[in-house]
Amino acid sequence: MTQEKGAGRNAARHTRLHDRVALIAGAGRGIGEAIALRFAAEGARLVLAARTAEELQGVAERIRSAGGIAHFATADLTVPEQVTNLVQKTIETFGQIDVLVNAVGTYGPIGRAWEIDAEEWASTFSVNLFGPFLLCQGVLPHMIHKGQGKIINFSGGGATSPLCRFSAYGVSKAAVVRFTETLAEEVKEFNIQVNAIAPGAVDTKLQDSVLAAGEKAGDLLHRIRRLRETGDGGTPREVPAELAVFLASDASGNLTGRLISAPNDDWRSWSDERLEQIMSKPWFTLRRLDPFTLRPFLEEMRAEAAAAQANRR
């Protein structure tokens, strides 16, 4: 593991992630880079992981120049042995892992399902789903022993509604959400919270593959072209990064097993009472819309309407 270490000037300030250790996968660029910079500014000590050393070194140097503490390690996060080594080195370096962020992702093959390569389709799941699974599996024994932890996964387009011509991406990201929900239930008793972020349309290098695919990308091609040309419909990468800080900090409380939209949900204003309300209902989870699922919401709406009517009398 390569070290890029500063004097730790941020540690002296009262910050939301003061002295916590975060392992960030996909930290070399894009949303992962933005999260690394925000976490460092909030006082976290970091291990940055990805495949490209040059990108990781650049991010680590920016953190160091701002007074933060970061190490970086190159790893193929779809290979179990490399993930095991990464987790072990993180614990050896800092003695703990408080937060895991899985920010690695790929679109995979673009086109209609019967026209794309099956092996490329399957490999998309290795990056988007199996890699995060391996990292969760690697850090959880330590978090369980410690009695606390925060895990943040990333969903994406196609997870909650079809994304035509991006079946590998959409299906794998939907699987990430259901994995998040399932894992959250499995580790709830150990005071570990697991949530997923829908980042919105962030203009990163990921979008280069959409432009390269041309008309094979269908409607998304025109959306990405407009995003690149005008910024219309886009989400700054700092928005999901700030949501990641919220989910990694005490501010999110016991919120777990939820998919939160960085640009669309009002998470900045969530009070403790609102968090309890969210956890008491199937809000922000993958559900089929039917009378059984909607019943708790309908009952709540009826109760609120009755209370409002009683107040008017």
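The values are calculated or read from the model by the stated rules, or taken from the named source; none is laboratory data. The structure displayed is predicted, hence computed values, not measured ones. Glycine gets a Cβ as well: all are built from the backbone with ideal geometry, and neighbour counts include every protein chain shown.
Looking only at residues of segment 267-292 that are in contact with a helix residue (DSSP H, G or I) (Cβ under 9 Å, 6 or more places away or on another chain) and charged (D, E, K, R), we find that the one that is surrounded by the fewest Cβ atoms within 10 Å (Cβ to Cβ) is Arg268. Exactly one residue out of Ser269, Ser280 is farther than 24 Å from Leu183 by Cα and without any contact (Cβ under 8 Å) to a residue 12 or more places away in the chain: that is Ser269. The numbered conditions (1) of a type in the set (A, V, I, L, M); (2) buried (at least 24 other Cβ atoms within 10 Å of the Cβ); (3) not in a strand (DSSP E or B) are all true for Val187 except (2). Whether any residue in segment 246-263 is in contact with a Lys or Arg (Cβ under 6 Å, 6 or more places away or on another chain) and either without any contact (Cβ under 8 Å) to a residue 12 or more places away in the chain or not assigned by TED's automatic domain parsing to the domain that holds Phe179 (or both) is what I want to check. Checked segment 246-263: no residue is in contact with a Lys or Arg (Cβ under 6 Å, 6 or more places away or on another chain) and either without any contact (Cβ under 8 Å) to a residue 12 or more places away in the chain or not assigned by TED's automatic domain parsing to the domain that holds Phe179 (or both). Starting from residues that are out of contact with any Leu (no Cβ under 9 Å at 6 or more places or on another chain), part of a helix (DSSP H, G or I) and small (Gly, Ala, Ser), keep the ones in segment 190-217 and report whichever is farthest from Pro162 (Cα to Cα). Only one residue fits best here, namely Ala212. Yes or no: segment 136-150 includes at least one residue that is of a type outside the set (Asp, Glu), in contact with a Gly (Cβ under 8 Å, 6 or more places away or on another chain), farther than 29 Å from Gly253 by Cβ and free of Cβ contacts under 8 Å to residues at least 60 places away in the same chain. Within segment 136-150, none of the residues are of a type outside the set (Asp, Glu), in contact with a Gly (Cβ under 8 Å, 6 or more places away or on another chain), farther than 29 Å from Gly253 by Cβ and free of Cβ contacts under 8 Å to residues at least 60 places away in the same chain. Any residue at all in segment 101-111 that is modelled with pLDDT of 95 or more and out of contact with any helix residue (DSSP H, G or I) (no Cβ under 7 Å at 6 or more places or on another chain)? Within segment 101-111 (the criterion being modelled with pLDDT of 95 or more and out of contact with any helix residue (DSSP H, G or I) (no Cβ under 7 Å at 6 or more places or on another chain)), the answer is no, since none of the residues qualifies.
Residues checked against (1) β-branched (Val, Ile, Thr); (2) surrounded by 24 or more Cβ atoms within 10 Å (Cβ to Cβ):
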site: Leu56; (1), (2): no, yes
site: Thr78; (1), (2): yes, no
site: Gln88; (1), (2): no, no
site: Ile91; (1), (2): yes, no
site: Val101; (1), (2): yes, yes
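The requirement of being farther than 25 Å from Val139 by Cβ, of a type in the set (Asp, Glu) and at pLDDT below 95 is satisfied by Glu215. Taking segment 73-119 as the range and being among the aliphatic types (A, V, I, L, M), farther than 21 Å from Ala27 by Cα and assigned to a helix (DSSP H, G or I) as the test, the residues that pass are Ala113, Ala118.
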